[in-house]
Amino acid sequence: MTLDQQKSILTIALLAAFADGHKDDTERDEIRRIAQSLASDAGMADLPRIYQDVLLKRTTVQAAAAGLTDSALRQLAYEMAVCVCDVDGRQSPAEREFLSHLKSALQLGAPQTAAFEHEADALVEVAETAVPMAVPVAAAAGTATASATAAAAPTVATASSAELDKSILNYALLNGALELLPQSWASMAIIPMQVKMVYGIGKAHGVELDQGHIKEFIAAAGVGMTSQYLEQFGRKLLGGLLGKAAGKTIGRMGSAATGMAFSFATTYALGQVAKRYYAGGRVMSTAMLRETFQNLLGPAKQMQTQYLPQIQQKAATLDAGQIMAMVRGG
């Protein structure tokens, strides 16, 4: 894949990220940080400019699509856009309109996209039912998640600290492995698994959480859903580990994976923040949540290097059915 082709696909992914028009300042800032980080790591100096062009609407779907003449790359670009639109839940009308326009610009028909759309939709549906959407109880107070719905319950933990640490590590290993899979949609499962992890941590401390509360908590810690997926995808694209498109596998898991699996660190740090937050009675401010997460992220990245062989081994054993079962909770 050429540099220009990479730029076209990244442009389409960024256009998808802003398709719904509802990204807040925090999420936009995080996406800009990712563009700068990827540019630095890959020597792609104009990636921040691409971000600005998308944000200021100085580029179009047609212009980005024109840079992709290979049918496999056009399909890959479409798959990535679907994942970006799906990563925070069901598509909005604006996102559906964007994807329809993109499909036309990429000259893709239903036979080329139907199977992938079905897989992505199935994952979104499973993720939405894995953790309750709402818990029918009064809202519990929380500095970082004031509008969250959570049941006030005894704060007696049902799992020991060591057991929670083991669970957090297992989720981190799994999410690191998901990031290494060649399937385009596999990284979409990372956020539902983070939601399940936080749900389990809250429950261990006597608090029943719904998806709204958990997603607000994750955002309060500074982990954006769209931005997190874009970083996973960008590192796959620039690191040579890409998904399947048009029946072909572009890239392979191997040496390219060495600099990957950053989702291990994100998940591990997030789990440890959640453990402290719910053990401490949910009194940490948003600023303290973010500071704690950032302080834990550095050591978690060092752990990620240590656990990379286990992450790669786990990735080699996963298939689509297993991923769906894990997101569902089976």
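The values are calculated or read from the model by the stated rules, or taken from the named source; none is laboratory data. Computed from a predicted model, the values in this text were never measured in an experiment. Here the Cβ is made from the backbone with ideal geometry for all residues, glycine too, and neighbour counts use every protein chain on show.
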Only one residue in Ala140, Ala127, Ala122 is closer than 23 Å to Gln194 by Cα and modelled with pLDDT under 50. Which one?
-> Ala140
Conditions: (1) assigned to a helix (DSSP H, G or I); (2) among the basic types (Lys, Arg); (3) at pLDDT below 85. Arg90 meets all but one. Number of the miss?
-> (1)
Looking only at the stretch 61-75, decide whether some residue is closer than 30 Å to Gly212 by Cα and small (Gly, Ala, Ser).
-> no
Within the stretch 97-121, which residues are surrounded by 14 or more Cβ atoms within 10 Å (Cβ to Cβ), assigned to a helix (DSSP H, G or I) and over 16 Å from the mean Cα position of the chain (by Cα)?
-> Phe98, Leu99, His101, Leu102, Lys103, Ala105, Gln112, Thr113, Phe116, Glu117, Glu119
Specify the residue that is modelled with the lowest pLDDT; the eligible residues are those in the stretch 241-287 that are polar (S, T, N, Q) and under 17 Å from Leu178 (Cα atoms).
-> Ser255
Selected residue (criterion: nearest to the chain's Cα centre (by Cα)) from residues of the stretch 262-297 that are buried (at least 22 other Cβ atoms within 10 Å of the Cβ) and polar (S, T, N, Q) = Ser263
When (1) modelled with pLDDT of 60 or more; (2) in contact with a helix residue (DSSP H, G or I) (Cβ under 9 Å, 6 or more places away or on another chain); (3) not β-branched (Val, Ile, Thr) are applied to Pro111, the one that fails is (2)
State all residues of the stretch 207-227 that are modelled with pLDDT under 90 and not in a helix (DSSP H, G or I); if no residue qualifies, say none.
-> Val207, Glu208, Leu209, Asp210, Gly222, Val223, Gly224
Residue selected from the stretch 303-329 under the condition of a type in the set (Val, Ile, Thr) and either in a helix (DSSP H, G or I) or out of contact with any helix residue (DSSP H, G or I) (no Cβ under 9 Å at 6 or more places or on another chain) (or both), by the criterion nearest to Lys196 (Cα to Cα) | Val327
Could you figure out which of (1) under 24 Å from Glu163 (Cβ atoms); (2) of a type outside the set (Ser, Thr, Tyr); (3) modelled with pLDDT of 90 or more isn't true of Gly330?
-> (3)
For the stretch 50-69, does any single residue satisfy the condition of being in contact (Cβ under 8 Å) with a residue 60 or more places away in the chain, over 21 Å from the mean Cα position of the chain (by Cα) and crowded, with 22+ Cβ neighbours inside 10 Å?
-> yes
Members of the stretch 179-206 that are part of a helix (DSSP H, G or I) and without any contact (Cβ under 8 Å) to a residue 60 or more places away in the chain | Gly200, Lys203
